[in-house]
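Participant: Supplied in structure tokens, the structure appears directly below.
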Amino acid sequence: MADDLIRYDLLVQDALRGVVRKVLTDAAREGLMGEHHFYVSFRTEAPGVRISQALREKYPQDMTIVLQHQFWDLNVTEHAFEVGLSFSGVPERLLVPFDALSGFFDPSVQFGLKFDLSEAGETPEEANAAPAAKPGPRGAGSEPGEVRPKSAGLATIGSGAPKGLPAPAAQGEKAAGKSGHRGR
């Protein structure tokens, strides 16, 4: 097979990050509509992530936040989003670049995306040398999975192996946010 010099896998991930950007932009402008709310997972050690030292110590690699009832000042730019959340009664401000996202899930409609961060900005040799990276072919296996409802539960579209997001309870403590205005 020919080498993928275009890197379709990365183009698809960028396009799907655009979906998250659009959804968060709409939520920032109009509030959450209906029963929609979001679980947003990201790598805390990714370049550009700004969180407090206390959160970084508690979540040294991954963190999932919930944008539902108690969040404030959601601001979305082309490359990142910033939001205020409360963790155990302590207000925090987080800045998360879209390149740091590892997952996005809207449980109200069972829609989710999972992003592969192992190749973002790394050469294939660096990705294979990292202890957490899994060697293997590029392409569909390294693209984010799109999760849609099925009668038997969630399934990932576009790959043979499901890439479902972990259950919210498995992520540890979550932050819940309040938009102040919920559209119906």
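The values are calculated or read from the model by the stated rules, or taken from the named source; none is laboratory data. Quick caveat: nothing in here was measured; it's all calculated off a predicted structure. All Cβ positions, glycine included, derive from the backbone under ideal geometry; neighbour counts span all protein chains shown. Surface accessibility is based on the protein's heavy atoms, side chains included, excluding ligands, DNA and RNA. Shrake-Rupley method; radii C 1.70, N 1.55, O 1.52, S 1.80 Å.
Participant: Could you sort 51, 65, 6 by accessible area so the largest value comes first, with the probe set to 1.4 Å?
Facilitator: Sorted descending by solvent-accessible area, the residues read 6, 51, 65.
Participant: Taking 0.36 nm per intervening residue step and subtracting the Cα-Cα distance, what contour gain separates residue 19 from residue 6 on full extension?
Facilitator: Difference between extended and current length: 2.6 nm.
Participant: Could I ask something else about it? Sorted by accessible area (1.4 Å probe), largest first, how do 36, 79 line up?
Facilitator: 79, 36
Participant: Computed FRET efficiency, Cβ-Cβ of residue 75 and residue 30, R0 22 Å: what is it to the nearest 0.05?
Facilitator: Computed FRET efficiency for residue 75 and residue 30: 0.95.
Participant: Next question, about the same structure. Taking the Cα of residue 82, stepping 7 Å toward and past its beta carbon, and measuring to each backbone N in the range 7-36: which are under 16 Å?
Facilitator: Backbone N within reach: 25, 28-29.
Participant: With the dipole of the range 51-116 worked out from charges on the C-beta (+1 for Lys and Arg, -1 for Asp and Glu) around the Cα centre, which of 65, 77, 105 lies farthest toward the positive end?
Facilitator: Positive-end residue among those listed: 65.
Participant: Here is a follow-up. How many percent of Cα pairs in the range 26-103 exceed 20 Å?
Facilitator: 27 percent
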